[in-house]
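The values are calculated or read from the model by the stated rules, or taken from the named source; none is laboratory data. The shown structure was predicted, so the numbers you read here are calculated from the model rather than taken from an experiment. FYI the Cβ positions are ideal-geometry reconstructions off the backbone, even for glycines, and counts take in every protein chain you see. These area figures cover heavy atoms from the full protein model, side chains too; ligands, DNA and RNA do not enter into them. Shrake-Rupley method; radii C 1.70, N 1.55, O 1.52, S 1.80 Å.
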Amino acid sequence: MRIARATNGGAPFWGVVDATASTIRPIAGVFADWAPAVTRGEGEAALAFTGGTMPLHRVTLLPPIERTARVMIAGVNYTKHIAEFGVAPPAQPFAFLKAYRALTGPFDAIRWPALTNELDHEVELVAVIGAEQVDRDDPLSSVLGYTIGNDVSSRDLQRSGPVGVGMDLLAAKSQDATTPVGPWIVTHDEFPAGSPSLKMTLTVDGDVRQSASSGDMTWGVDALIRFIDARTSFDCGDILFTGSPEGVGQGTGRYLNPGEVMETTIEGIGTLRNVIGQRP
């Protein structure tokens, strides 16, 4: 099942997407009203609908997360990506928070941050927490499903942290309207059991910049959820970026430029298509 968050000009709503018919059917209630039941495996029977279906082209798809939820980011989770940064593999997962305002829709333009000259791309599998509370003995039972994220980063700002203090991840990762997410959540029952092993590709103007599998993660989705939840509890509706593979501009020297078209694809989920905005 594909579940999207959208607007047709009014208040945002959640809906079930029929990709074949290119329609969306609005779901009654907020995410927390129905997500736990769907996460438990009750499927579409757990949903109440309001009104009939509408064509997808009549709505604007939004990031599939409500404003009250949190955006968690796991970094340095692919061995070859770590090598691009010239750092030693960490002994445990590394995670931080991203501001909600950094998010943008799956087909929206990427805002060029005023303070950066080195805008970079990062394709990532994103897990969506649907349970009211994480079961640390079985973390994947807390996952409603998966979506796509592109953790667009300002690398020069990332390196601008004070000497001896470390990276400035707030400046690098939380610039307004830079991080596309979507186009929808594909529920966990659409994937084999375990941490997903899905083909991930990112292209810029058709040129392949990143191509890898989410199965190459150092720590799987279950390990990341368990690690983070022990430090700050997940809430229903929170999303978790699970890290990016090799091929980013930081490693290749090929950063993004205004006007370029970036397409971010994950097998079994879909594609984000975003134009890089003009420099201010």
- Task: From (1) more than 13 Å from residue 99 (Cβ to Cβ); (2) outside any helix (DSSP H, G or I); (3) not hydroxyl-bearing (Ser, Thr, Tyr), pick out the condition that doesn't hold for residue 189.
- Result: (2)
- By residue number, the members of the stretch 236-251 that are within 16 Å of the chain's Cα centre (by Cα) and open to solvent by 30 Å² or more (accessible area, probe 1.4 Å) are 236
- Message: Restricting to the stretch 138-156, name every residue that is assigned to a helix (DSSP H, G or I) and more than 21 Å from the chain's Cα centre (by Cα).
- Response: 156
- Within the set of pairs 6 or more residues apart or between chains, which connect a residue that is in contact (Cβ under 8 Å) with a residue 40 or more places away in the chain inside the stretch 22-39 to a residue that is buried (at least 18 other Cβ atoms within 10 Å of the Cβ) and part of a strand (DSSP E or B) with Cβ atoms less than 8 Å apart? 31/14; 35/144; 38/3; 38/144; 38/187; 39/143; 39/144
- From the set of residues in the stretch 192-215 that are part of a strand (DSSP E or B) and open to solvent by 50 Å² or more (accessible area, probe 1.4 Å), which is nearest to residue 271 (Cα to Cα)? 199
- Message: Residues to consider are 226, 279, 254; find the one that is more than 21 Å from residue 109 (Cβ to Cβ) and open to solvent by 20 Å² or more (accessible area, probe 1.4 Å).
- Response: 226
- So residue 100, is it in contact (Cβ under 8 Å) with a residue 24 or more places away in the chain, surrounded by fewer than 21 Cβ atoms within 10 Å (Cβ to Cβ) and under 30 Å from residue 44 (Cβ atoms): yes
- Could you check how many residues of the stretch 61-94 are surrounded by fewer than 16 Cβ atoms within 10 Å (Cβ to Cβ), at pLDDT 90 or above and among the hydroxyl-bearing types (Ser, Thr, Tyr)? 1
- Query: Is it the case that residue 32 is under 27 Å from residue 140 (Cα atoms), part of a helix (DSSP H, G or I), open to solvent by 60 Å² or more (accessible area, probe 1.4 Å) and of a type in the set (Gly, Ala, Ser)?
  - Reply: no
